[in-house]
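*Asks:* This structure is in structure tokens; I'll ask about it shortly.
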Amino acid sequence: MATQILVPAAPQTNASGFTRNDYKGLPSTLCQGCGHNSIANQIIAACYELGIAPEKIIKFSGIGCSSKSPTYFLSRSFGFNGLHGRMPSLALGALFADHTLHGLGVSGDGDTASIGMGQFKHLVRRNMPMVYIVENNGVYGLTKGQFAPTAEKGLELKKHGKNVFQPVDICMEALASNATFVARSFAGDPKQVKELIKAAFSHNGIAVLDIISPCVTFHNHEDSVHSYVGGKAMEIPLHEVIYVPAREEIFVDDFLEGQTKEVTLHDGSIIRLKKLDKDYDPTDRHRALRMLDEAEKNNLLITGLFYIEPYRPSMFDLFPLPETPLNRLPEERLRPARESIDQLNKMMF
Amino acid sequence: MELEKPAGVNDAGYSPKEQIINDFCITFSTVNGSGSATANTTLLRALFKMGIPVSGKNIFPSNIQGLPTWFTLRISKEGYFGRLEKDDIVVSMNPATFSKEQEYIVPGGVLLYSDAIKLPVTRQDISVYPMPVNEILSAAEVPQKLKDYAANMVYVGILSELLRIDFENIYQALDFHFKGKEAAIRSNYGVITLAAKWAQQNLKKNDPYYVKPMNATIGKIMADGNTAAGLGALYGGAQFVAWYPITPASSLAEAMHEYLPILRKDPVEEGKETCVIVQAEDEIAAIGMAVGAGWGGLRAMTSTSGPGLSLMTEYLGLAYYTETPVVVWDVQRVGPSTGLPTRTAQGDITFANFIGHGDTQYILLFPGSVKECFEFGWRAFDLAERLQTPVIVLSDLDLGMNQWVSEPFDYPDQPMDRGKILWEEDLDEILEKTSDKWGRYLDIDGDGIPYRTLPGNQNPRSAYFSRGTGHDEYGAYREDPEVWERILTRLKVKFETAKRYTPKPSIKKMANARIGILSVGSTDFPILEARDHLARQGLATDHLRIRAIPFDAEIGEFIRNHDANYVVEINRDGQLKQLLTIEFPEHATKLRMVARIDGLPLSAKWIEDQILSQEAK
């Protein structure tokens, strides 16, 4: 029948029946070419491919260009754009409301490594289960171009002269605080960004993703790793990251033995790390720190999954939380029974 | 265990007329960290068990061990619990303060002191009892390492003997303190009875002070305000507590920690608990966690004191503007700055009221008793969730950390008010009702309170983006002048609505009073006493105790109806009076300041003197 022919083709959906549009946000108001926009697109792609219902994700951010970006993805997810440097505490409290939700924090290098260093490290130390993305461009963009704590030593900015201080390495800070998932990527390498985000969502604990994200307006010097040109030239991936969801059949034949390393995550999914140049074991924390130290000395942008410890108890595992989310508990599960008050009064002497 | 009860000391024999019974004050002077708190609360509890109204105030240093500390025990048959400025009896165990303390003893009063103190007794007009503390201790079976602690039990024994405190009640108090641990009870009670026996054999009582059993504490409880607040919060269904240690607030969260496993086991899922307590890395993180949890739909709170509240400022502004419920207990201590961390104050009133940059308004609660700490413990959540805004409860060190005789806690007299929350189906209903016009910040009912959805809601229309930046009724980022003004104006409407829910002032009247007294919080106790004294001198007063901000219209009425209104408070600048002046400018000239801050609770005498001298002008 003619009417049948007129029905448009059903849009493509993921395994959970959501279309890519269901994960989209408002149009970005960041600069054209900002690395953050590219990351936003990979968040959308990763969540779509993972098939998480958007209502099952909560977004958090602090203050800065990076922290504006959560409105540019996942419009159907709750979000809270909080205070500068204080997103970790906000996220921790909010996630206790419903432990079945996925937390996604988006922060910047100033928000995390300057004003927010304390909260960041304590969130990491508690192994709060959430994805924590730092959109790291080495500059304060929203206040128009001041030095950020991750700005490289010697960097020159128009109004501020030369940076004389050592930069903070966010991945090293995370490792020092016993993070259970630490990765670095580059906004100019979208495939790697996406695979790492997917792996991060499957990790039962804090997953720190430091993503170098060029600021095309204030800090796009070609000789800096924080620029597209510089980043592309200097990026050395440790391995090729491939995320394999739990339900997917694995074809071992695709990979030559000895060329890949696999890490099975808490939910049964697998991160497959395909060897590129050298051997790298992402479960060796000391090696990760040493590698980062060398990379800094040689001015190299090494990317990949630096460290993972899939089975350390998360913050949620340390509390006797009911299966029912706390924010769904009715009064009769929250207020002690009437009879208890007499007993309580007897205890007061 | 068979109780050994000493038979009573040889009495010089004051005639019943000369005897002072159940109406005097004892100050214990000891060294911080010497275990004197156990000895002092043992006496406090024993007197309580004898049915005598009694109150204890710990005046302690910000130190773990070594500095002087005082504990004042007031025994008042009339039920006055305020601080007295003079001591009837001083028990001195600390040479460092020995000479000074003698000055505070009333003529005819008593000095008991450890005979290890080799300093002169300068007063001739008092009864003096040196106590051979070490001698008695060496006869007692006390392990060497506990000797210093047990030393204080010597004065418990001797004083009990002199005053006629019932030893059975002493035993009950020890049993409670040591939670039934027999070895500890026995060794302490052993020292007490040995000391009492020594007194019996060696002392001749030549002072007029006695206690006699009454029945004034029957049915009452004894508790500190912080424990009461924590328990009230647990009865209020607190689900998330984040805190950072600070004197004098720590014991609030610690009490919750202690009672959580008893009171908040999940009745449905075995082995689970329905409240989470997190010790945060600092106060900024503590309030951040609480705000996050409140936004997520949990009954969330934090407890702190002045310096912590200062750090919480930015987050409270965010909670105000994003309309996030959260409860903050501020157990006030002396500021500014680090101030006197172990002394009491009401110095955070204006700060809490105006906290944050830009235009803000907060619900403030002022508990005036231990029982009210319990009540506000649960009620604060109802207010915060109903009004979707921070509620700051201003207690103080005196109320929070001292033990008070109190009416028993009442079970909450109304079900929890979770406010306007929309779950999946509620949202569908409201969308239908409003022809699809729900927005997180849209005032549908005209009371200034919008409807909120909570994370986890699976309705695809439920999500919104919360932000401290300018937003419209639908949560969208907006910089438009009219939008900003509209939202701020609507928040003011909500604050007006709050008056329907906040606790009314408590008013106590006397016939023909033309004088009014206004106050908040723990000054209620000395004010009660001061009013009785003033009435005896022919000055009738009415008293209005404010229990909440926003101010109720009744407060303005009260001020208008009195010729002069004395605003009594523990701070330098008359902060409550300042706020009343702003709220009721038409009555400003009728307000008079009765304010001081020296770290101590106000005494009835000082309040009385202030009012009388200002009346004389």
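*Asks:* Please compute the average number of Cβ atoms from other chains found within 10 Å of each residue's Cβ in peptide B:266-273.
*Replies:* Whole-number average of other-chain Cβ neighbours for B:266-273 is 5.
*Asks:* Going down the list B:K508/B:K590; A:K153/A:K194; B:K77/B:K197, which pairs span over 22 Å between their C-alpha atoms?
*Replies:* Long pairs (Cα-Cα over 22 Å): A:K153/A:K194; B:K77/B:K197.
*Asks:* Okay, next question. Among B:S36, B:S603, which comes first, second and so on when ranked by fewest other beta-carbon atoms within 10 Å?
*Replies:* Listing B:S36, B:S603 from fewest to most nearby Cβ atoms yields B:S603, B:S36.
*Asks:* So, one more: So if I take the centroid of the Cα atoms in region B:100-118 and the same for region B:186-262, what is the distance between those two points in Å?
*Replies:* Here the two parts' Cα centres lie 26 Å apart.
*Asks:* When Cβ neighbours within 10 Å are restricted to other protein chains, what is their mean count per residue of peptide A:71-79?
*Replies:* 4
*Asks:* If neighbour count is taken as other Cβ atoms inside 10 Å, put A:D281, B:D609, B:D266 in order from fewest to most.
*Replies:* A:D281, B:D609, B:D266
*Asks:* A follow-up question, please. Which FRET efficiency value, to the nearest 0.05, is calculated for A:H266 and A:E332 with the Förster distance at 35 angstrom and r the Cβ-Cβ distance?
*Replies:* 0.60
*Asks:* Cross-link partners among aspartates and glutamates for B:K605, C-alpha distance below 13 Å, same-chain residues fewer than 8 apart left out?
*Replies:* B:E85, B:E529, B:D532
*Asks:* If you restrict to DSSP beta bridges whose two residues both lie in chain B, what percentage is antiparallel, to the nearest 5?
*Replies:* 35
*Asks:* In what order do A:C31, A:C215 fall by count of nearby beta-carbon atoms within 10 Å, going from fewest to most?
*Replies:* In order of increasing Cβ crowding within 10 Å: A:C31, A:C215.
*Asks:* Something else now. Using θ = phi - 60° and the Karplus relation 6.51 cos²θ - 1.76 cosθ + 1.60, list the HN-Hα couplings for region B:367-375 in order, rounded to whole Hz, with x at every Gly or Pro.
*Replies:* x, x, 7, 4, 5, 6, 4, 4, 4
*Asks:* Please list 3J(HN,Hα) in residue order for region A:259-271, calculated via the Karplus relation 6.51 cos²θ - 1.76 cosθ + 1.60 where θ = phi - 60°; whole Hz, with x for glycine and proline.
*Replies:* Karplus values, whole Hz, x for Gly and Pro: 9, 10, 10, 10, 10, 8, 8, 3, 8, x, 6, 10, 9.
*Asks:* Hey, which lysines would be in cross-link range of B:K272, C-alpha to C-alpha under 30 Å, not counting anything within fewer than 8 residues on its own chain?
*Replies:* In chain and number order, the partners are A:K56, A:K59, A:K121, A:K346, B:K179, B:K181, B:K371, B:K420.
*Asks:* While we're here: Tell me, what ³J(HN,Hα) does each residue in region B:380-395 have, in order and in whole Hz, if you take phi through Karplus 6.51 cos²θ - 1.76 cosθ + 1.60 with θ = phi - 60° and put x for Gly and Pro?
*Replies:* Rounded to whole hertz, the list is 4, 5, 4, 5, 4, 6, 4, 9, 6, 7, x, 10, 10, 9, 9, 9.
*Asks:* Among bridges DSSP assigns within region B:10-210, what percent are antiparallel (round to 5)?
*Replies:* 45
*Asks:* Going Cα to Cα from B:K204, which lysines come in below 24 Å? Please leave out same-chain ones fewer than 8 positions away.
*Replies:* In chain and number order, the partners are B:K5, B:K17, B:K118, B:K212.
*Asks:* Continuing with the same structure: For B:I517, list long-range residues whose amide hydrogen, built 1.01 Å from N in the peptide plane, is under 5 Å from its own amide hydrogen.
*Replies:* So B:I517 has HN proximity to B:D542, B:H543, B:L544, B:Y566.
*Asks:* Hey, how many Å between the Cα centroid of region B:516-548 and the Cα centroid of region B:26-87?
*Replies:* Taking the Cα centre of each part, region B:516-548 and region B:26-87 sit 24 Å apart.
*Asks:* Tell me the label-point distance for the pair B:D563, B:N134, using the 7 Å Cα-to-Cβ offset, in nm and rounded to one decimal.
*Replies:* For the pair B:D563/B:N134, the computed spacing is 6.4 nm.
*Asks:* Placing +1 on the Cβ of each Lys and Arg and -1 on the Cβ of each Asp and Glu in the protein assembly as shown, which of B:M256, A:P325, B:I527 has its Cα farthest towards the positive end of the resulting dipole?
*Replies:* Ranked along the dipole, the leading option is B:I527.
*Asks:* Counting DSSP beta bridges with both partners in the protein assembly as shown, what percentage is antiparallel, nearest 5?
*Replies:* Antiparallel bridges: around 35 percent, rounded to the nearest 5.
*Asks:* What are the GluC sites (Glu not before Pro) within region B:103-180 that DSSP puts in a loop, where the Cβ has at most 11 other Cβ atoms within 10 Å?
*Replies:* B:E103, B:E141
All of the numbers you see were taken from the coordinates with simple rules; none came from a lab. Predicted model, so just to flag it, every value in this text is computed and none were measured. Glycine also receives a Cβ, built like all others from the backbone with ideal geometry; neighbour counts cover every protein chain displayed.
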